[in-house]
Every structure is written in structure tokens, then in C-alpha cells.
């Protein structure tokens, strides 16, 4: 569903991605992790079409993000780190914003569509609320509902549990998995939250200094003892005991 081939990117003379190669199968949840400055955010921007890589190719369901970004983006739903909701719009207008611009839903069907989307993300009776009236977890759910409104084949999540308390983070992780199971969407998650990735990931891709240091299962990732991955796992274990 997603194929990344020989992707490299630089800002001025600094290369932040170097020969990145991986694929994500249909219905899979893959998590991109990395050390600070490792290139995970840049990679997500390239896959989403927000940034054109200096070299390489990215395909989404066979469509080139590099050569045909508009068509590729029609297959993608992006759930931003802080939801990126419009502050002046209520939940209804935020969720239906893209659909209305696209003309993808009749006026008479808007209420039914909105109810279905909010039910899918576990929300009710919030249609008239502004983003400022919602908790962090609720804003994330509204952001997901807005992405789902466009019926994407692939969902891209940017730090979905960032800034959330452990209980809310767990509920968002369950929502990611449940959304995949229910709708069959392929999911790519950028995260630094070790506890979270073990709850959602079918596969983990770890970037270090712009290169893929690891691409494998969560079990294999957990067994790493050395290098940046070993340090990360050790830190996560020590913090969980505090």
C-alpha cells in the first residue's frame, strides 16, 4: 500500500534522510520511531506530500506522491499532532470541512454522516462545541473523524499520544487499532512513545541519523540491547518502574 524507494532529502547541504527503503502492507500498522533529529518528521512530510524528497520515489496504492501528489493525497488522511482544528469552527464544521469543500455530501445527509463519523471515534453530543471546550484526547478524536470523513485508504498519524495523560493515551492507541480493524485502513504512525508503540505496532521502523537502523517486529525491537535502540528500551523500562 505504501512503498518508499531510495528516498533521500536534504535541507541546504545537510542530508536528513539517506536512501530510505521500506513498504507498508495493506491493513498494517507500522510505527516510525527515531532518535532526536533522526528524520522521522521529514519522512512523514514526504509521504504525505507536504514535502518533495530530494531523491527517490514514494507510492501510495501505486500512485506516485512525487509526480502526482494531488491524486496520492486523495488516498491519505493525516491526523496532526495537535489535531490542527479550526479554533473558530465547532466540531460539526471541523469534521465536515473537507467534505463540504469537496462537495462530497448532500446537505440532507450531513447530520447522518456527522453522527456516523463521531460514533466511529467514540464521541457523542459534541457537535456544537468549539475546540477550546474539548479535552486533548477529544480534540485528537475529532481530528481523526475529520480524516475519516474523506474515506482514506491510508491514515498517517503524527505523534497521536503526545501531550496526553497515560489513560487518555491508552484510549487513543485502542482507537488506532480499532479503526484499522473496523475499516481496514493502512496506518503509519510517527511516535516517540515506547509504551504506545508496543500497543499498536505490527512493525517498527527506527531511524537514526537519517538512515533506517531497524525494521522489524515489536518483539525483535524489544530484544535489542545495544546502540540507540537499547538505550531507548532501557530508559523506557527504568521510567516504568518509577
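The values are calculated or read from the model by the stated rules, or taken from the named source; none is laboratory data. Source: prediction; values computed, not measured. Note: ideal-geometry Cβ built from the backbone for every residue, glycine included; neighbour counts use all protein chains shown.
Filter the range 26-43 down to residues that are out of contact with any helix residue (DSSP H, G or I) (no Cβ under 7 Å at 6 or more places or on another chain) and surrounded by 14 or more Cβ atoms within 10 Å (Cβ to Cβ) and give me whichever is nearest to residue 198 (Cα to Cα).
30
Yes or no: the range 151-163 includes at least one residue that is in a loop (DSSP other than H, G, I, E, B), surrounded by 16 or more Cβ atoms within 10 Å (Cβ to Cβ) and over 15 Å from the mean Cα position of the chain (by Cα).
The answer is no; no qualifying residue exists.
Looking at the structure I just gave you, is residue 119 more than 29 Å from residue 163 (Cβ to Cβ), surrounded by fewer than 16 Cβ atoms within 10 Å (Cβ to Cβ) and either at pLDDT 95 or above or over 15 Å from the mean Cα position of the chain (by Cα) (or both)?
No.
Quick one: which strands (runs of 3 or more DSSP E) sit completely within the range 17-102 and have at least 1 residues that are over 29 Å from residue 209 (Cβ atoms)?
Result: 76-79.
So which of 93, 125 ends up being without any contact (Cβ under 8 Å) to a residue 12 or more places away in the chain, surrounded by 15 or more Cβ atoms within 10 Å (Cβ to Cβ) and over 18 Å from the mean Cα position of the chain (by Cα)? First the steps, then the outcome.
Details: 125 fails: surrounded by 15 or more Cβ atoms within 10 Å (Cβ to Cβ).
The conditions single out 93.
Condition check ((1) under 23 Å from residue 121 (Cβ atoms); (2) modelled with pLDDT of 95 or more; (3) crowded, with 18+ Cβ neighbours inside 10 Å; (4) not assigned by TED's automatic domain parsing to the domain that holds residue 128) across all residues:
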| residue | (1), (2), (3), (4) |
| --- | --- |
| 24 | yes, yes, yes, yes |
| 82 | yes, no, no, yes |
| 105 | yes, no, no, no |
| 109 | yes, no, no, no |
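Can you tell me which residues in the range 62-80 are touching a strand residue (DSSP E or B) at 6+ places or on another chain (Cβ under 8 Å) and either surrounded by 20 or more Cβ atoms within 10 Å (Cβ to Cβ) or over 28 Å from residue 193 (Cα atoms) (or both)?
64, 65, 66, 71, 72, 76, 77, 78, 79
Against the definition (part of a helix (DSSP H, G or I), over 30 Å from residue 54 (Cβ atoms) and not assigned by TED's automatic domain parsing to the domain that holds residue 113), how does residue 171 come out, yes or no?
So residue 171 passes the test.
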